[in-house]
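Here the structure is laid out as structure tokens; the discussion comes afterwards.
The values are calculated or read from the model by the stated rules, or taken from the named source; none is laboratory data. Note that the structure is a prediction, hence the values are computed from the model and not measured. Every residue, glycine among them, receives a Cβ derived from its backbone with ideal geometry; neighbour counts consider all protein chains shown. Just the protein is used for accessible areas: all its heavy atoms, side chains included, with ligands, DNA and RNA removed. Shrake-Rupley method; radii C 1.70, N 1.55, O 1.52, S 1.80 Å.
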Amino acid sequence: MVKPIEPEFEQALNELTNSLQPFLAANPEYTKALEIIQIPERVLQFRVVWEDDQGQPQVNNGFRVQYNSALGPYKGGLRLHPSVNLSILKFLGFEQTFKNALTGLNMGGGKGGSDFDPKGKSDSEIRRFCNAFMMELYRHIGKDTDVPAGDIGTGGREIGFLFGAYKKLRNEFVGMLTGKGLHWGGSFIRPEATGYGVIYYVEHMIARSCPEFSLNKPSTLVAVSGSGNVAQFTALKVIELGATVLSLSDSRGTLIAEEGYTKEFVQEIAKLKRGGGSLEELADTPGYTYHAGKRPWTLLPKVHIALPGATQNEVNKAEAEALVAAGVRIVAEGSNMGCTEEAVEVFEAARKAGKGVWYAPGKASNCGGVAVSGLEMAQNSQRLAWTTEEVDSRLKKIMSDCFSICYDAGAKWSGEDLQDGKILPSLLSGANVAGFIKVADAMREQGEWW
């Protein structure tokens, strides 16, 4: 077996290609579009030299993958993490292209970042890195060209430093980054948007498939992984609605709540994470059990809804089988490509067998974050700010429309016999086909294939 050269990207491409087969069989002319669409329009790689607190020069790799601009300016986050490489950023930019298409907003797809690790660095070191990173990146981005955002390792502090560096270099105050501070161009609901959006999408899945597991019921058991921004606000929205959150996790282990997480405890975790702490520090908290080196998926005897919210490929085949055995009905990704190919096959096989298991890929279920980034761009263009209620209302509408698009495309193009409604349509196929068609049609009308 040939080892993949770019494993994450090749996984994402294989998923799209497999989902498209029924559509391509009926519309073979789109095969050429698939061939073209998988190659990024532009890949930028550069060195970033910055000075540490000891006055010593340090060097990291910087990247920006400008994947597709058929629907608008490139749009996607900047990830700062030691694992960052070209394969991961190509996969993220590729996924972002179709995710952005599903929001209905005019945004292309891109992704970038560096193998720089903010953990353990002082504010001054992070500021100097951000200044050095932007010294190269500013040449390639702009409000109508490429609008980066935050991602893993890139929060409000980093966005502020990056924006300040760009403003000095270009001598202009424009919305060329999203995730900005509320009082200087940011949008309400942006920090919450990905997590909230996942729940708004899941509510539609529950209504169509298993209303007995409404998020308004404490008896509905929800497993969440991760403990960063996405996982925190996913958990907080579930708690607000009334269901029970059983788990949060980080790279070192999982913290299980015997009676369910409280709003106050999630907020305590958020404070801990802002300070660079680990869930391990909360291991002795009464009512909570810490499992070092474990993810949540095999630790829960019963779970109804599973929401991966940490990073890519965080649910494997064995963990997917454990979730199905524990009674899971809904799996929706808050992270990008949170499930391995083998895990997705387990969930899809259970769906096809009529077991009521329904899986939503991240490009659909977690598009709320980039959707509100798009709304931030719109507000910046108009030099105004919408209220929390208005942004939240728009986010709910975007997630509702996204679900409907995925549901309808899945029913039409999955190539399956849904047995007159007894089998749920594939949201995986629906998201991939609907996103692909929208991008491919725009590319054709712009003369990129014919």
(Q) Of the residues Thr145, Thr178, Thr194, only one is on the phi < 0 side of the Ramachandran plot, of a type in the set (Ser, Thr, Tyr) and open to solvent by 50 Å² or more (accessible area, probe 1.4 Å); which? (A) Thr145
Q: Sort out which residues of the range 1-25 are open to solvent by 60 Å² or more (accessible area, probe 1.4 Å), over 23 Å from the mean Cα position of the chain (by Cα) and under 28 Å from Cys406 (Cα atoms), and write them in order of number.
A: Gln21, Ala25
Q.
Among the residues that make up the range 411-422, is at least one of them modelled with pLDDT of 95 or more and open to solvent by less than 30 Å² (accessible area, probe 1.4 Å)?
A. no
Q.
Against the condition under 21 Å from Leu424 (Cα atoms) and open to solvent by 50 Å² or more (accessible area, probe 1.4 Å), how does Lys294 come out, does it pass?
A. no
(Q) For Trp50, only one of the following conditions fails: (1) in a strand (DSSP E or B); (2) of a type in the set (Phe, Trp, Tyr); (3) closer than 22 Å to Trp450 by Cβ. What is its number? (A) (3)
Q.
Tell me whether the range 338-353 contains one or more residues that are open to solvent by less than 20 Å² (accessible area, probe 1.4 Å), closer than 19 Å to Gln232 by Cα and in the same structural domain as Glu314 (by the TED database).
A. yes
(Q) Filter the range 341-372 down to the residues that are within 24 Å of Phe188 (Cβ to Cβ), out of contact with any Leu (no Cβ under 7 Å at 6 or more places or on another chain) and in a loop (DSSP other than H, G, I, E, B) and list them by number. (A) Asn366
Q. So how many residues does the range 306-326 have that are open to solvent by less than 50 Å² (accessible area, probe 1.4 Å) and within 17 Å of Val344 (Cβ to Cβ)?
A. 14
Q | Residue tally, condition touching a helix residue (DSSP H, G or I) at 6+ places or on another chain (Cβ under 8 Å), buried (at least 17 other Cβ atoms within 10 Å of the Cβ) and of a type outside the set (A, V, I, L, M), over the range 81-124 | A | 22
Q: For Asn68, state whether it is over 22 Å from the mean Cα position of the chain (by Cα) and either closer than 27 Å to Phe133 by Cα or open to solvent by 30 Å² or more (accessible area, probe 1.4 Å) (or both).
A: no
